[in-house]
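All remarks here apply to the structure that follows.
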Amino acid sequence: MSLTRQDVEKIAHLARLSITEEEMPGYVGSLSSIVSFVDDLSRMQTGDVEPMAHPLEGQHQRLRADVVTESDNHEKYQAIAPSIASGLYVVPRVIE
Amino acid sequence: MLHNLSVGELAERLNARQISSVELTRHYLARIDRFGATLNALISLTAERALADAAQADLRLARGERGPLLGIPIIHKDIFCTDGVRTSCGSRMLDNFIAPYDATVVTRLKEAGVVMLGKANMDEFAMGSSNETSYYGPVRNPWNTRKVPGGSSGGSAAAAAARLAPLTTGTDTGGSIRQPAALTGITGVKPTYGRVSRYGMIAFASSLDQAGVFARSVADAAPALQAMAGFDARDSTSVDVPVPDYTAGLQKPLKGLKIGILREFFEGLEARNAALIHDALKVYQELGAQTLEVSLPHLPASVPTYYVVAPAECSSNLSRFDGVRYGYRCENPKDLMDLYKRSRGEGFGAEVKRRIMTGTYVLSAGYFDAYYLKAQKVRRLITDDFRAAFTQVDLLIGPTTPTPAFDIGAKIDDPVTMYLNDIYTIGANLAGLPGMSLPCGFVDGLPMGLQLIGPHFSEDRLLCAGHGYQSATDWHTRAPKGYE
């Protein structure tokens, strides 16, 4: 199954990845090849088997009491941020 | 030579105060200095910290504390967060990331007294089977430096094989411990999903990832696994099942053990590779095990299933890398979208981008049912096949890889060819089963691995079977030329 350039552009946009002009043909080729490879699955008989999201049976999301257990480490964690102002992460203007 | 002693022998000498942890650490740091550049096995070296930690271990020993890992050097795969130390995950995206906390694996091994020498090179974000996708360059196999060590834990495997450390940690999502262990002639253990905490282990595929260990023998790996295993409240997928005494269980006799030979693994396997596995089966028979053939009919679908599920999960996990809170940020972003796209486009390598895009595609509207949901159904069929097999046998056996190590550069241009290296290892990840690779011989002077797979939480049985094999053979004692 071959993907088109438009397909790859759309996927790259959804994934928030910039792909350069030079890189594009390579990704169209390799993604087409990968999708063809996994297409084999669509031919398999699976009947009404339940999909399996977790490798172990009977696991449930563990819950805990709704109490604060973490401490405030924001200074330590923000020390490695690209851009900080007043304890906030700075990004290019979002709202005009 | 110190680096040829087992972890047990080293611990004896440390406990008897015949050598100090500082001496031992210096010995390994000297080896890293001598061989590090050739193999490119490490991304970060933490020499000063190691000597400080070794001095601490010596103080603990002086106070009378004893333990199988106290004062023993280790190298951690660069996927485990290490407080105050760069944790790059083999990627430009995290080249500037100084982790602000320790992974549980790191904490537990630290408490047991290990001395961290550095962080091991790896395929970027654990995606690869050759350690060629690392931002920091490929790792070389100490058995033949033109060859790959395997991946994604290639640095950890090469370091252990080259005796740069007696123990190294790794992770295994589709075979990333077992496959490099096989290609570098060492022992690699992937525990049951949920056995070892994933807290602080940078996530690739959350339903498949598992932390494990490399060592030169099962007897060496056992105390490391002991320290790493066990429930952790900070990992919501951690399972609260008691951890047996792995070391005490090693000596149990193998008489009556039922070993299943996986028929599908031998189809198309080259004769010389198959012969090594058959030799290993004879060893097991001599040890009193029974062998019988079993079939897992859906197993051939495991590679395409994995290459839907793992990319899907990775596309979700890697969405956190956005240039905002940590990691790589592109220069002069025009707007928020440009910030995201170029930070990610420039920060991630090609294989990572391929897998993110594959995952995005199979999860997207209109394709979700045909690919992702379908793959999850096939995953259940594969898991059911394993479950059925384990009603007849105690363990499964087969090769770890289809071939020995290949040349650096030979397969990097075709993703699908590279993916097929994982053909024997992926099934265990899909089913959450524990698996192990043991050295079992050589083909063209390069090591090959024997794989054992057990039911959930049967690590003790696996380790015992592995130890039995290593007590009757000496493949695991061989060292690559020049690294003895």
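The values are calculated or read from the model by the stated rules, or taken from the named source; none is laboratory data. What you are looking at is a predicted structure, and each value in this text was computed from that prediction instead of being measured. Reconstructed Cβ throughout: ideal geometry from the backbone, glycine too, with neighbour counts over all protein chains shown.
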(request) Would you mention how many residues in the stretch B:33-50 are part of a helix (DSSP H, G or I), touching a helix residue (DSSP H, G or I) at 6+ places or on another chain (Cβ under 8 Å) and within 22 Å of B:L109 (Cβ to Cβ)? (result) 2
(message) Can you list residue pairs whose Cβ atoms sit under 8 Å apart, with the first residue in the stretch A:69-96 being among the small types (G, A, S) and the second being part of a loop (DSSP other than H, G, I, E, B) and surrounded by 13 or more Cβ atoms within 10 Å (Cβ to Cβ)? Count only pairs 6 or more apart in sequence or on different chains.
(response) A:A79/B:P100; A:A81/B:V324; A:A81/B:R325; A:A81/B:Y326; A:S83/A:V91; A:S83/B:R329
(message) more than 22 Å from the chain's Cα centre (by Cα), closer than 30 Å to A:T46 by Cβ, touching a residue at least 24 places away in the same chain (Cβ under 8 Å) and surrounded by 14 or more Cβ atoms within 10 Å (Cβ to Cβ): is that true of B:F321 in this structure?
(response) no
(request) Give the residue, chosen from A:D7, A:D39, that is of a type in the set (D, E, K, R) and within 16 Å of B:Q376 (Cα to Cα). (result) A:D39
(request) Give the stretch B:338-367 a look and list any residue that's more than 18 Å from A:V28 (Cα to Cα), more than 9 Å from every other protein chain (Cβ to nearest Cβ) and free of Cβ contacts under 8 Å to residues at least 12 places away in the same chain, or say none. (result) B:A365, B:G366
(request) Please determine, by comparing only the residues of the stretch B:108-151 that are among the hydroxyl-bearing types (S, T, Y) and within 15 Å of B:T87 (Cβ to Cβ), which one is surrounded by the most Cβ atoms within 10 Å (Cβ to Cβ). (result) B:S134
(message) For the stretch A:1-81, give me every one of the helices (runs of 4 or more DSSP H) that falls completely inside it and has 2 or more residues that are over 19 Å from B:I356 (Cα atoms) and more than 8 Å from chain B (Cβ to nearest Cβ).
(response) A:74-78
(message) If A:K10 meets every condition in (1) surrounded by 15 or more Cβ atoms within 10 Å (Cβ to Cβ); (2) at pLDDT below 90; (3) not aliphatic (A, V, I, L, M) apart from one, which number is that one?
(response) (2)
(request) Could you list, in sequence order, all residues of the stretch B:180-200 that are assigned to a loop (DSSP other than H, G, I, E, B) and of a type in the set (G, A, S)? (result) B:G185, B:G194, B:S197, B:G200
(request) Specify which of the listed residues (B:P480, B:P439, B:P415) is of a type outside the set (A, V, I, L, M) and within 14 Å of chain A (Cβ to nearest Cβ). (result) B:P415
(message) Looking at B:I74 and the list (1) under 30 Å from B:Y307 (Cα atoms); (2) away from chain A (no Cβ under 14 Å); (3) not in a loop (DSSP other than H, G, I, E, B), which single condition is not satisfied?
(response) (1)
(request) Within the stretch B:368-383, identify whether any single residue is assigned to a helix (DSSP H, G or I), more than 7 Å from chain A (Cβ to nearest Cβ) and of a type outside the set (V, I, T), and answer yes or no. (result) yes
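Here is a yes/no grid of residues against (1) part of a loop (DSSP other than H, G, I, E, B); (2) buried (at least 21 other Cβ atoms within 10 Å of the Cβ); (3) of a type in the set (A, V, I, L, M):
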| position | (1), (2), (3) |
| --- | --- |
| B:R234 | yes, no, no |
| B:V241 | yes, no, yes |
| B:G249 | no, no, no |
| B:G256 | yes, no, no |
| B:E264 | no, no, no |
| B:Y284 | no, yes, no |
